[in-house]
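The values are calculated or read from the model by the stated rules, or taken from the named source; none is laboratory data. Remember, it's a predicted structure, so these values are computed and weren't measured experimentally. FYI the Cβ positions are ideal-geometry reconstructions off the backbone, even for glycines, and counts take in every protein chain you see. Each accessible area value is taken on the protein alone, full model and side chains, heavy atoms only, with ligands, DNA and RNA left out. Shrake-Rupley method; radii C 1.70, N 1.55, O 1.52, S 1.80 Å.
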Amino acid sequence: MSISRGVSLLILLSLVVLISFSVLEQDSHISYVFKAPKAGAEEQKSEEGEEEEKQDKKISQKSETQLLIKGLDKLLEDYSDVISAKSICSYKDGCSVASDRESSENARLIGVFGDIHMLSAPVLTSGRLLYREEIDEGTNVAVLDEKTAVKLFRTGEPIDRYVTINDTKFRIVGIIKHSRRASDMEELRLTIPLAALDKAGIQSDVYSANFRTVPGKGAYSKLKNVLGTWREGGTIYNLSKEKHRSLLPVRWGLSAIGVLALSLLLRLLRIFSKRLILYEKRKLEYSYFQRLLPIWVIKGIGMLILWAVWIALVYLLLNLTIYPVYIFPEWVPSVLVEWSDINTAFWNNRQDVSKLVEYRIPALIQLRFYHRVLTLLCASIVALLLKPYHKLQAKIREL
């Protein structure tokens, strides 16, 4: 193998390992993503008698977000055994945020509610994160990332200063480390209690209801059936399965490399077995069968062990290759050889990814990006290994 090819392989392998670790660090909860409801509570006139109509008294109604949260709590009362934590996040890109020094920037606005400890915790650089009481009560507080703070205030620690969104002021309580990923449309971001955004009438783009579930309880299928009745038109994602999907190129790349290695090992075993048999045959020309028999038994057992190891490696390789069907059982037709079942399985799988409108969250966008990158990297690694493989194959033939 040439030095340039070896260096290229080393770089590609390092990238694959780095991205694989990044995939594994992603959250593994179930998310139901849907269009954000209208923010803010509407005010309606009371209709109880003519006198009240004349006085024109107004009764404030609960907002759609509050009704959704209440409806979700009631809906999941019967599923407490499969759900250990739940939270709701809202996302809005291109939100105009102004500072008290009259500078403004567009940023991603993230609203949070519920058990936010189930989400990946950011790295805090100054101040503090949001308190649970602030999240529940909808206090006007915000956490910024470093770059947002610098852009708005020209300092990395603007604690207890204010940002203004839609004429509503939010006090800054913490600064987190800046990081931009492939899933971030906006470079800057703020995190604010969802209830505070709702009170201020700040409209989000999408909501994501997130659930940490108990393994082995069939939570995904149960939630898939009930969440559609809670909020129609949403899309449910199992981020644990999406992580496995992102790593499929690595699995199948390893399978391809394993096939190449096992084919070379098979050739070596065949040559070694053939030459051992010919060598022992030549011994019969000057030695008796009875004297050679014990050595033959030992050598035969050793050869059988080598072949058994090769068969075991083939078995492990097949398990590595087909293991995803246990994670994605929907890929497998009811009857493997029945065309109608194959056709039904194909279209059932296509329905989930062929929607004209799909609601996504940053974690899903990030995992899909990793999948595309890993596919390119793994295909390149296998392609670079083909030439050394053929050279080794030719050398083995010459033995």
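Quick check: anything in the range 233-242 over 30 Å from residue 21 (Cα atoms) and either without any contact (Cβ under 8 Å) to a residue 12 or more places away in the chain or under 22 Å from the mean Cα position of the chain (by Cα) (or both)?
Yes, the range 233-242 contains a residue that is over 30 Å from residue 21 (Cα atoms) and either without any contact (Cβ under 8 Å) to a residue 12 or more places away in the chain or under 22 Å from the mean Cα position of the chain (by Cα) (or both).
Within the range 141-158, how many residues turn out to be in contact (Cβ under 8 Å) with a residue 40 or more places away in the chain and charged (D, E, K, R)?
4
Six or more apart or on different chains, Cβ under 8 Å: which pairs go from a residue in the range 322-342 that's surrounded by 14 or more Cβ atoms within 10 Å (Cβ to Cβ) to one that's acidic (Asp, Glu)? Could you list them?
Here the result reads 333/341, each pair linking the range 322-342 to a residue that is acidic (Asp, Glu).
Please indicate, with yes or no, whether at least one residue in the range 236-248 is surrounded by 14 or more Cβ atoms within 10 Å (Cβ to Cβ), in a helix (DSSP H, G or I) and touching an Asp or Glu at 6+ places or on another chain (Cβ under 7 Å). Explain how you work it out, then say what you get.
Just the residues of the range 236-248 that are surrounded by 14 or more Cβ atoms within 10 Å (Cβ to Cβ), to begin with: 236-248.
Adding the requirement that they be in a helix (DSSP H, G or I) leaves 239-246, 248.
Checking which are touching an Asp or Glu at 6+ places or on another chain (Cβ under 7 Å) leaves us with 239.
For the range 236-248, residues surrounded by 14 or more Cβ atoms within 10 Å (Cβ to Cβ), in a helix (DSSP H, G or I) and touching an Asp or Glu at 6+ places or on another chain (Cβ under 7 Å): present.
Of everything in the range 356-388, what is of a type in the set (Lys, Arg) and either in contact with a strand residue (DSSP E or B) (Cβ under 7 Å, 6 or more places away or on another chain) or closer than 28 Å to residue 29 by Cβ (or both)? Give them in sequence order.
360, 368, 372
Kindly evaluate residue 54 against the criterion of being among the basic types (Lys, Arg), open to solvent by 50 Å² or more (accessible area, probe 1.4 Å) and at pLDDT 90 or above.
no
For the range 77-122, give me each residue that is small (Gly, Ala, Ser), surrounded by fewer than 18 Cβ atoms within 10 Å (Cβ to Cβ) and closer than 25 Å to residue 27 by Cβ.
80, 84, 85, 94, 120, 121
Can you find a residue in the range 349-361 that is on the phi < 0 side of the Ramachandran plot, open to solvent by less than 40 Å² (accessible area, probe 1.4 Å), at pLDDT below 95 and not in a loop (DSSP other than H, G, I, E, B)?
No, there is no match, as no residue in the range 349-361 is on the phi < 0 side of the Ramachandran plot, open to solvent by less than 40 Å² (accessible area, probe 1.4 Å), at pLDDT below 95 and not in a loop (DSSP other than H, G, I, E, B).
When you go through (1) over 18 Å from the mean Cα position of the chain (by Cα); (2) farther than 24 Å from residue 311 by Cα; (3) open to solvent by less than 30 Å² (accessible area, probe 1.4 Å) one by one for residue 264, which number turns out not to apply?
Here residue 264 meets the rest and fails (2).
Tell me yes or no: at least one residue of the range 273-284 is in contact (Cβ under 8 Å) with a residue 24 or more places away in the chain, more than 30 Å from residue 221 (Cα to Cα) and not small (Gly, Ala, Ser).
As a first pass, look at the range 273-284 and keep what is in contact (Cβ under 8 Å) with a residue 24 or more places away in the chain: 273, 276.
Subsequent filtering for residues that are more than 30 Å from residue 221 (Cα to Cα) retains 273, 276.
Subset that is not small (Gly, Ala, Ser): 276.
Yes, the conditions are met somewhere in the range 273-284.
Of the residues in the range 160-187, how many are loosely packed, with under 15 Cβ neighbours inside 10 Å and farther than 26 Å from residue 201 by Cβ?
Residues that pass the stated criteria total 5.
Identify all residues within the range 197-232 that are without any contact (Cβ under 8 Å) to a residue 40 or more places away in the chain and more than 16 Å from residue 357 (Cβ to Cβ); write none if there are none.
Answer for the range 197-232, where residues must be without any contact (Cβ under 8 Å) to a residue 40 or more places away in the chain and more than 16 Å from residue 357 (Cβ to Cβ): 215, 216, 221, 224, 225.
Of all residues in the range 280-300, which are open to solvent by 100 Å² or more (accessible area, probe 1.4 Å) and part of a helix (DSSP H, G or I)?
Listed by number, the residues that qualify are 281, 282, 289, 290, 291, 298.
Kindly check whether there is at least one residue in the range 130-137 that is farther than 27 Å from residue 213 by Cβ, open to solvent by 20 Å² or more (accessible area, probe 1.4 Å) and under 29 Å from the mean Cα position of the chain (by Cα).
No, the conditions are met nowhere in the range 130-137.
Does the range 65-79 include one or more residues that are of a type in the set (Phe, Trp, Tyr) and at pLDDT below 90?
yes
Every residue, every condition in (1) assigned to a strand (DSSP E or B); (2) in contact with a strand residue (DSSP E or B) (Cβ under 7 Å, 6 or more places away or on another chain); (3) of a type in the set (Asp, Glu), yes or no:
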site	(1), (2), (3)
95	yes, yes, no
105	yes, yes, yes
109	yes, yes, no
112	yes, yes, no
122	no, yes, no
